[in-house]
Amino acid sequence: MTEPVVRIPDAKVALSTASVYPESTATAFEIAARLGYDGVEVMVWTDPVSQDIDALRRLSDYHQVPILAVHAPCLLITQRVWSTDPWVKLQRARAAAEKLGASTVVVHPPFRWQRSYARDFVQGLWRMAGETDVRFAVENMYPWRYRDREMLAYAPDWDVTKDDYRHFTVDLSHTSTARTDALEMIDRMGDRLAHIHLADGNGSAKDEHLVPGRGKQPCAEVLERLATSGFDGHVVIEVNTRRAMSAAEREADLAEALAYTRLHLASPTGVPRP
């Protein structure tokens, strides 16, 4: 028997429900099933369905699309979702992941004004991680910029590699906004990299979340590195389709993102990568 000429890692490609905004969480499941995604990451936010475990389970069962990850409600617009206490939010995200069969909870570092939460965040996550098989994968963020001013909005730091976390999420739109080197950040994360938010960007001060391949981030190189390293986490398409002029245009963007990701996750065997 000859060896296969292409190596495909065990990583599954999922669709973030945020990628269909302003459409609903239910629409994300429909699109993920129709396009052949391996699963979804549920962004818990103001859509009531995203907060309802029973409703999410029914969607997953109906469309035969597994829920691979839960994104805890960490955004400014979700400060009152699942309590105003950030630790309660994480506890509920963990419980949701356990009940839905998701392996990962994605969490942002605290805002700087959440002083008590920020002070205990690193040690608190380690305590919670020790109580479950669900991985808490802390996501890299970016400094906020307005004109020539920069505000450090996150604590302990927007660059999560500066702190001791068990698992990381790398978001390539955020590396673009931060104007940092995505490949160097992934190197610093090492084998603690558990989760990918795949999107593109052009270095704008705004968090762009472009379809992979439409910006300046090394999306292809990142995927090829994952393929050769045996990465077995999840690659989640988290793109902005708000400007889509129709449902068909949105779906075409998400189909393109999926095709791009699978193409670059397939690595020729025996061909060394830099």
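The values are calculated or read from the model by the stated rules, or taken from the named source; none is laboratory data. Only a predicted model underlies this, so the values are computations on that prediction, with no experimental measurement involved. Every residue, glycine among them, receives a Cβ derived from its backbone with ideal geometry; neighbour counts consider all protein chains shown. In case anyone asks, the SASA skips ligands and DNA or RNA and just uses the protein heavy atoms, side chains included. Shrake-Rupley method; radii C 1.70, N 1.55, O 1.52, S 1.80 Å.
Key figures for this structure:
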{"read-out": "Where Arg135, Arg149 fall by accessible area, highest first, once all protein chains stay in place (1.4 Å)", "value": "Arg149, Arg135"}
{"read-out": "Cβ-based net charge around Asp52, under 12 Å, with every Lys or Arg adding one and every Asp or Glu removing one", "value": "+2"}
{"read-out": "Accessible area per residue, Å², the chain with all protein chains present, probe 1.4 Å", "value": "48"}
{"read-out": "The range 114-198 - convex hull of alpha carbons, volume per residue in Å³", "value": "95"}
{"read-out": "Counted charge near Ala14, where neighbours are those whose Cβ lies closer than 10 Å (Asp, Glu -1; Lys, Arg +1)", "value": "-2"}
{"read-out": "Over the chain: helical MRE at 222 nm, DSSP H runs n ≥ 4 each giving -39500 (n - 2.57), nearest 500", "value": "-11000 deg cm²/dmol"}
{"read-out": "Convex hull volume per residue for the chain, taking Cα atoms only, in Å³", "value": "137"}
{"read-out": "Fraction of antiparallel bridges per DSSP, the chain only, in percent to nearest 5", "value": "20"}
{"read-out": "Magnitude of the charge dipole, the chain, Cβ model with Lys/Arg +1 and Asp/Glu -1, debye to 20", "value": "560"}
{"read-out": "Where only alpha carbons of the range 56-106 are counted, the Rg and the Dmax (Å)", "value": "11.7, 33"}
{"read-out": "Within the accessible area of the chain (1.4 Å probe), percent carbon and sulfur", "value": "49"}
